[in-house]
Amino acid sequence: MKKIKLSLLALLFSIIGYAQNFDVVPLGIYGGEQEDNLSAYLLGAPEGHSFLCLDAGTVNAGIRKALQLKSLDGSAESVLKDQIKGYFISHGHLDHLSGLIINSPADSKKNIFAIDPVIRILQDHYFISDTWVNFADQGQKPVLGKYHYNELKEETEILVSETPFSITGYELSHVNPYKSSAALVRKEDHYILYLGDTGADRIEKSDHLAHLWSSIAPLIKKKQLNTIMIEVSFPNSQPEHLLFGHLTPKLLTEELTQLKEKLGYTSLEGLTIVVTHRKPTKDNPEIIRKELLENNMLKVQYVFPEQGKKISLP
């Protein structure tokens, strides 16, 4: 009887350990060219209907695709206005925010979360009369007040209202000194990490990723962070001087090896890597997929998102 009870406890802890804590609905997965399928990921809790949108390259087309696949409920209008509660914008490039801009007239009042350089880009270059209208509550007048900017700082966690999430920002380098950023999102005691565009530290002559790996290592050790969403834009054949602040499969492995060493692990088995921002030129996405899977010496679990198809994550 004692052995049976111990076995049941072990099973229970195993189930808890593999519980699904996050749902991700990709509204767009690519890093260019296909304007109806650019970087944007709805982050929600299982069975929930409130989302934080991680980047917003494509919004409306992605919502409609997700509705077709039954990954979302309701109408396209209700998802945009009522279910998306806020946006994290990693950096100021159009393939990460054009959907936010274009859909702003039809959107409802909500928050934008970004580091200071990204907020300034939105204020100075997008939400201005020469390019659009200022739908935010700061910047060039007249201000329409639909969006409120929330500046992300590394040491400060901000609540994403009407969701179960809190968010902390980290700077990244995307052709140094241009700033991109990552979002560490917490739900109770569980975390997920989303990175905008980033180059490898060695190429960028930066320590931003090394600092980020040091910051999240304790969470991985405690099994509180099990998923990293990170870009791989080009296959290994792309020359390093033509990466323009992006990663290849080889460079991702290089960076994850740095993370492994900070953890003191022999492998990263059990860590899920969601591969974002593959450039859709020719057969690049499939080449990237093949190169990652065939050289997975770190034993991570690779996930390759599809537009509109929900992903359940630990």
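Here, each number is a calculation from the coordinates, and none is a lab measurement. Treat the numbers as computed from the prediction; the structure is a model and nothing was measured. Positions of Cβ are generated from backbone atoms using ideal geometry, with glycine treated the same way; all protein chains shown enter the neighbour counts.
Given (1) touching a helix residue (DSSP H, G or I) at 6+ places or on another chain (Cβ under 8 Å); (2) farther than 23 Å from Gly57 by Cβ; (3) among the charged types (D, E, K, R), identify the lone condition not met by Glu188.
(1)
Mind checking which residues of the stretch 271-314 are out of contact with any Ser or Thr (no Cβ under 9 Å at 6 or more places or on another chain) and on the phi > 0 side of the Ramachandran plot?
The one that is out of contact with any Ser or Thr (no Cβ under 9 Å at 6 or more places or on another chain) and on the phi > 0 side of the Ramachandran plot: Lys282.
Restricting to the stretch 285-314, and then to whatever is polar (S, T, N, Q) and over 30 Å from Val79 (Cβ atoms), can you tell me which residue is surrounded by the fewest Cβ atoms within 10 Å (Cβ to Cβ)?
Residues of the stretch 285-314 polar (S, T, N, Q): 295-296, 301, 307, 312.
Add one more test, that the residue is over 30 Å from Val79 (Cβ atoms), and what stays is 295-296.
On the way: Asn295: 12, Asn296: 17.
Step by step, filter the stretch 285-314, then rank; the result is Asn295.
Mind listing whichever residues of the stretch 223-243 are closer than 20 Å to Glu291 by Cα and in a loop (DSSP other than H, G, I, E, B)?
Val232, Ser233, Phe234, Pro235, Asn236, Ser237, Gln238, Pro239, Leu243
Check off (1) touching a Ser or Thr at 6+ places or on another chain (Cβ under 6 Å); (2) surrounded by fewer than 22 Cβ atoms within 10 Å (Cβ to Cβ) for Gly99 and give me the number that stays unchecked.
(2)
Any residue that is part of a helix (DSSP H, G or I) and of a type in the set (Asp, Glu) - is there at least one of those in the stretch 70-89? Full working, then the answer.
The first filter runs over the stretch 70-89 and keeps only residues part of a helix (DSSP H, G or I), leaving 76-83.
From what's left, of a type in the set (Asp, Glu): 77, 82.
Yes, because at least one residue in the stretch 70-89 is part of a helix (DSSP H, G or I) and of a type in the set (Asp, Glu).
Given the criteria within 18 Å of Asn134 (Cβ to Cβ) and surrounded by fewer than 16 Cβ atoms within 10 Å (Cβ to Cβ), does Lys70 qualify? Can you show your working first?
Numbers: within 18 Å of Asn134 (Cβ to Cβ): no; surrounded by fewer than 16 Cβ atoms within 10 Å (Cβ to Cβ): yes.
No.
Output the number of residues of the stretch 150-202 satisfying the condition of being part of a strand (DSSP E or B), touching a strand residue (DSSP E or B) at 6+ places or on another chain (Cβ under 6 Å) and of a type in the set (Val, Ile, Thr).
5
Which condition from (1) surrounded by 20 or more Cβ atoms within 10 Å (Cβ to Cβ); (2) over 15 Å from the mean Cα position of the chain (by Cα); (3) over 23 Å from Glu171 (Cα atoms) is the one that Val59 breaks?
Failing condition for Val59: (2).
Taking the stretch 116-142 on its own, how many of its residues are over 30 Å from His49 (Cβ atoms) and either part of a strand (DSSP E or B) or of a type in the set (Val, Ile, Thr) (or both)?
Selection size over the stretch 116-142: 3.
Take the stretch 155-167 and flag every residue that is surrounded by fewer than 20 Cβ atoms within 10 Å (Cβ to Cβ) and either among the hydroxyl-bearing types (Ser, Thr, Tyr) or under 17 Å from His208 (Cα atoms) (or both).
Step one: filter the stretch 155-167 for residues surrounded by fewer than 20 Cβ atoms within 10 Å (Cβ to Cβ), giving 155-159, 161-162, 164, 166.
Glu155, Thr156, Ser161, Ser166, listed by residue number.
Is it the case that the stretch 214-222 has a residue that's more than 11 Å from Glu255 (Cβ to Cβ), assigned to a loop (DSSP other than H, G, I, E, B) and without any contact (Cβ under 8 Å) to a residue 12 or more places away in the chain? Even if it seems obvious, please write down each step before you answer.
First, the residues of the stretch 214-222 that are more than 11 Å from Glu255 (Cβ to Cβ): 214-222.
Filter again for assigned to a loop (DSSP other than H, G, I, E, B), leaving 222.
Cutting the leftovers down to without any contact (Cβ under 8 Å) to a residue 12 or more places away in the chain gives us 222.
Yes, the stretch 214-222 contains at least one residue that is more than 11 Å from Glu255 (Cβ to Cβ), assigned to a loop (DSSP other than H, G, I, E, B) and without any contact (Cβ under 8 Å) to a residue 12 or more places away in the chain.
Among the residues of the stretch 275-314, which ones are aliphatic (A, V, I, L, M), closer than 19 Å to Ser71 by Cα and touching a Phe, Trp or Tyr at 6+ places or on another chain (Cβ under 8 Å)? Steps first, answer last, please.
Here is the first cut: in the stretch 275-314, the ones aliphatic (A, V, I, L, M) are 275, 287-288, 292-293, 297-298, 300, 303, 311, 313.
Of the ones still in play, those that are also closer than 19 Å to Ser71 by Cα are 303, 311, 313.
Matches in the stretch 275-314: Leu313 only.
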